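> I am attaching a structure below and will ask some questions about it afterwards.
The values are calculated or read from the model by the stated rules, or taken from the named source; none is laboratory data. Keep in mind the model is a prediction, meaning the values are calculated, not measured. Don't worry about glycine lacking a Cβ; one is built from the backbone with ideal geometry, like all the others, and counts go over all protein chains shown.
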Amino acid sequence: MLATARFSGTDAALLAAVLVLIVFSALFALSETALTRTSRVKAMAMVEEQRRGAPALYKLVEHPERNLPVILFALQMCTLVAATMVGVVADQAFGPWGVVLATLFEVVFIFVFAELAPKIWAVQHSERAALLMAPFLVAVVSFPPLRWATQALIKLSNLVLPGRGLKEGPYVTEEELLAMADTAADEAVIEGEERKLIHSIIDFGDTVAREVMVPRPDMVTVASAATVRDAADIASTAGFSRIPVYGQGIDDIVGVVYVKDMMRAEREDKAEEPVTLVMRQAQFVPESKRVAEVMREMQAGKQHLAIVVDEYGGTAGLITLEDVLEELVGEISDEYDVDRPLLEHLDDDRIQVDGRVPVDEINEVTGFDLPQGDWDTVGGLLYHLLGRVPVEGEGADCNGHRLIAQKVDGRRIAQVLIAPEAPPAETPASAPDGDGQ
């Protein structure tokens with residue numbers, strides 16, 4: 001049987017403190033859920049809408065790695081202290097059985113009213129909860145003793161974790177962003193084209209100049225000894241508004257000439273002058289430079305064309321502003337472009353692709369698992385598999401597919417046919433040993 005309850009004034013004060021701590025635990029639990037469900041972009045939109053509490057909310061979600069640990073520490077401290085006080089009062093009032101009752105109270109009451117119910121409400125009213133709690137939370141996370149205690153405990157946990165714990169880093173990875181975009185498109189929150197644009201923007205940051213440049217064999221250039229009229233004819237025939245000018249050879253690019261400059265020179269009766277008279281300075285970028293940085297440099301220098309150089313200083317190709325923009329918005333065609341698909345599905349599960357198409361793009365579109373390595377394009381992959389320049393019709397097997405050099409232009413694989421790998425031919429059974437019939 002339970003012992004006779006023995007309550008004192010101190011016990012009553014402790015119970016009052018317990019109720020206050022449970023209320024704070026509920027508030028912190030609600031705040032934790034609301035903050036984790038509020039992105040920085042959403043908070044910024046609320047600030048622009050001038051919603052009450054939005055500036056404080058943005059301040060919290062701008063650096064979640066600094067603020068969330070303080071809130072979690074305050075939540076745990078309130079919950080544990082309240083549970084300890086309940087146990088002390090119950091032990092003094094009812095003895096050992098009181099501790100059992102206190103444990104049941106903590107498991108049921110604190111879990112339901114200080115954990116589960118606040119978090120469910122925060123999930124149902126994320127924006128309202130976040131805006132409501134933001135000013136209070138800013139004051140909490142700015143309280144020096146609480147912040148110092150949290151930082152000390154984080155350092156202590158880092159000492160016992162491999163690699164000294166987790167440093168400050170992204171709370172959302174690229175894969176999570178892509179998954180969110182796919183989910184939003186599936187639920188009709190955003191359009192399919194918007195999902196493609198989000199994927200392109202994220203992939204854009206990892207793309208380098210070598211992957212989008214016009215390769216060296218496809219470059220249209222003019223010799224520095226050519227006249228303005230000759231250079232204008234070459235540019236007009238190719239359909240380009242600007243072309244590189246070389247000196248001793250293709251690896252010696254000395255500038256870039258614009259069609260509009262050549263037209264002006266012809267009007268001024270300078271058509272027979274050397275093209276270097278109207279040539280402009282060329283911009284050079286390494287082939288390993290990210291296209292996002294290339295685009296910023298081209299914008300700053302007001303350039304639409306840059307020469308891509310390899311690690312030895314030779315000309316690897318050229319990149320235009322249009323090439324960079326196509327990585328974001330897709331193929332941009334003009335009246336001079338030949339409308340021929342780079343990747344075309346044929347019958348019998350065969351695919352015909354341009355030799356310049358990147359391997360990762362083929363894998364993304366078709367679901368194939370073609371290997372990636374030191375090569376970028378499917379033509380480079382076939383070169384790697386054969387180890388030499390193929391003749392038309394020659395191919396190699398790779399991961400269940402047959403890659404065939406359908407068109408070879410000089411030493412370049414211009415077109416590749418990808419077909420299912422043929423099953424191995426069965427070896428005919430040998431005749432049984434014997435003397436005949």
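> Which of (1) modelled with pLDDT of 85 or more; (2) assigned to a loop (DSSP other than H, G, I, E, B); (3) hydrophobic (A, V, I, L, M, F, W, C) does residue 2 not meet, given it meets every other one?
All conditions pass for residue 2, except number (1).
> Go through the range 349-361 and give me each residue that's among the acidic types (Asp, Glu) and assigned to a loop (DSSP other than H, G, I, E, B).
349 - this is the single residue of the range 349-361 that is among the acidic types (Asp, Glu) and assigned to a loop (DSSP other than H, G, I, E, B).
> In the range 299-321, which residues are surrounded by 13 or more Cβ atoms within 10 Å (Cβ to Cβ) and not in a loop (DSSP other than H, G, I, E, B)?
305, 306, 307, 308, 309, 315, 316, 317, 318, 319, 320, 321
> Of these, 80, 132, which one is exposed (fewer than 14 other Cβ atoms within 10 Å of the Cβ) and assigned by TED's automatic domain parsing to the domain that holds residue 150?
80
> Here's something else I'd like to know. Which count do you get for residues in the range 225-270 that are of a type in the set (S, T, N, Q) and within 18 Å of residue 284 (Cα to Cα)?
1
> Follow-up. Looking at the structure I just gave you, is residue 229 surrounded by fewer than 18 Cβ atoms within 10 Å (Cβ to Cβ) and over 29 Å from residue 376 (Cβ atoms)?
yes
> When you scan the range 362-379, how many residues do you find that are free of Cβ contacts under 8 Å to residues at least 12 places away in the same chain and either in a helix (DSSP H, G or I) or not assigned by TED's automatic domain parsing to the domain that holds residue 404 (or both)?
Selection size over the range 362-379: 2.
> A further question follows. Can you give me the ranges of the helices (runs of 4 or more DSSP H) entirely in the range 190-258 with at least 3 residues that are modelled with pLDDT under 85 and not assigned by TED's automatic domain parsing to the domain that holds residue 360?
Per the criteria, 192-204.
Table: residues versus (1) outside the structural domain of residue 147 (by TED's automatic domain parsing); (2) buried (at least 21 other Cβ atoms within 10 Å of the Cβ); (3) touching a residue at least 60 places away in the same chain (Cβ under 8 Å).
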{"position": "63", "(1), (2), (3)": "no, no, no"}
{"position": "72", "(1), (2), (3)": "no, no, no"}
{"position": "76", "(1), (2), (3)": "no, no, no"}
{"position": "84", "(1), (2), (3)": "no, no, no"}
{"position": "93", "(1), (2), (3)": "no, no, yes"}
{"position": "96", "(1), (2), (3)": "no, no, no"}
{"position": "102", "(1), (2), (3)": "no, yes, no"}
{"position": "107", "(1), (2), (3)": "no, no, no"}
{"position": "111", "(1), (2), (3)": "no, no, no"}
